[in-house]
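Participant: Once you've had a glance at the structure underneath, I'll fire off some questions.
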């Protein structure tokens, strides 16, 4: 008989960064402790100077994506420039190294070539990790960022009834890349 795991959300009086360190995250084995996050969480991308963003968690999506406009790939395909928008509607010019270019099949079944970048992500409360993100036009989407299962694996359990369980937008409002 396979073991059955019970996950109980328990509020704690510590930040997400401190709790993750205490739990020894990441732990890739099934049944290891995880942070419980909601269907949406506040996130900052300090390498790009972007904060705050409302990110949707989606275990059905393999990869993560961020809203990107005016995407310009360098001739040697090693760097990309693009514009994104934070929660307040401020347009932010970004420059990043290209990690890879690959075809991604959207939820509608259409496959398109996408540019992937690697960047640091910081959740409310200070939990920080590195994620791979594709650039996509998410203008019609409610959330400008999607966290897929590759970014979530080994760190989180998702509570689909909860939202912003790790903290408020205010905890990222005074975001300063030099402080992270």
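Participant: Among the residues in the range 142-162, are any farther than 18 Å from residue 63 by Cα and in contact with a strand residue (DSSP E or B) (Cβ under 6 Å, 6 or more places away or on another chain)?
Facilitator: Going residue by residue through the range 142-162, those that are farther than 18 Å from residue 63 by Cα are 159-162.
Of the ones still in play, those that are also in contact with a strand residue (DSSP E or B) (Cβ under 6 Å, 6 or more places away or on another chain) are 159, 162.
Checking the range 142-162: at least one residue is farther than 18 Å from residue 63 by Cα and in contact with a strand residue (DSSP E or B) (Cβ under 6 Å, 6 or more places away or on another chain).
Participant: Still on this structure, please answer the following. Return yes or no: is residue 172 at pLDDT 90 or above, closer than 24 Å to residue 88 by Cα and surrounded by 21 or more Cβ atoms within 10 Å (Cβ to Cβ)?
Facilitator: So residue 172 fails the test.
Participant: Now for a different question. Name the strands (runs of 3 or more DSSP E) wholly within the range 92-180 that hold at least 2 residues that are without any contact (Cβ under 8 Å) to a residue 60 or more places away in the chain?
Facilitator: Numbers: elements: 111-123, 128-136, 145-148, 156-159.
Filter on the range 92-180 gives 111-123.
Participant: Would you kindly identify the strands (runs of 3 or more DSSP E) lying entirely within the range 42-88 that contain at least 2 residues that are at pLDDT below 95? Steps first, please.
Facilitator: Details: elements: 50-58, 64-67, 69-73, 79-85.
Passing ranges, in order: 50-58.
Participant: Can I ask one more? Scan the range 127-142 for residues that are over 20 Å from residue 98 (Cα atoms) and surrounded by fewer than 19 Cβ atoms within 10 Å (Cβ to Cβ) and jot them down. Don't jump to the end; show me each part of the working.
Facilitator: Looking only at the range 127-142, we keep the residues that are over 20 Å from residue 98 (Cα atoms), and these are 127-128, 139-142.
Within the range 127-142, 128, 139, 140, 141, 142 qualify.
Participant: Look at the range 91-113 and say how many of its residues are at pLDDT 95 or above and either buried (at least 17 other Cβ atoms within 10 Å of the Cβ) or under 18 Å from residue 55 (Cα atoms) (or both).
Facilitator: Of the residues in that region, 5 qualify.
Participant: Give the residue, chosen from 26, 33, 11, that is surrounded by 13 or more Cβ atoms within 10 Å (Cβ to Cβ), free of Cβ contacts under 8 Å to residues at least 12 places away in the same chain and in a loop (DSSP other than H, G, I, E, B). Before the answer, list the steps.
Facilitator: Working: 26 fails: free of Cβ contacts under 8 Å to residues at least 12 places away in the same chain; 11 fails: surrounded by 13 or more Cβ atoms within 10 Å (Cβ to Cβ).
When all the criteria are applied, what remains is 33.
The values are calculated or read from the model by the stated rules, or taken from the named source; none is laboratory data. This structure is a prediction, so every number in the text was calculated from the model and none was measured. So basically every Cβ, Gly included, is an ideal-geometry build from the backbone, and we count neighbours across all protein chains shown.
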